[in-house]
Amino acid sequence: MREMAAKTIYVMFYAGAIEGSDCWVRPSQVTDMTDEQALLTDTESRKAWVKIKRVFGLVIDFGTS
């Protein structure tokens, strides 16, 4: 359980899904994250990963209301 919680937080940071960013992650993005991808920490690699994951899945924006 702790490992999945830590992975979830890591993926949220990796994707830039932090308060005020208007960026969201799905549970499948957490389970799709690989160790190899996690090693690619440059901005372009992170943005490309987020973009690919958004193309192949639904991104739900719950807004601020």
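If you go through region 41-51 and keep only what is more than 17 Å from M12 (Cβ to Cβ) and either open to solvent by 90 Å² or more (accessible area, probe 1.4 Å) or in contact with a Gly (Cβ under 8 Å, 6 or more places away or on another chain) (or both), you end up with just E44. Mind checking which pairs have a first residue in region 1-15 that is among the basic types (K, R) and a second that is assigned to a helix (DSSP H, G or I), Cβ under 7 Å, 6 or more apart or different chains? Going by the 7 Å Cβ cut-off, the qualifying pairs are K7/V30.
The values are calculated or read from the model by the stated rules, or taken from the named source; none is laboratory data. The structure presented is a predicted model; accordingly, all values stated were derived computationally and were not measured. Neighbour counts run over all protein chains shown; Cβ positions are idealised from the backbone, glycine included. Just so you know, the surface numbers come from the protein's heavy atoms only, side chains and all, with ligands and any DNA or RNA stripped out. Shrake-Rupley method; radii C 1.70, N 1.55, O 1.52, S 1.80 Å.
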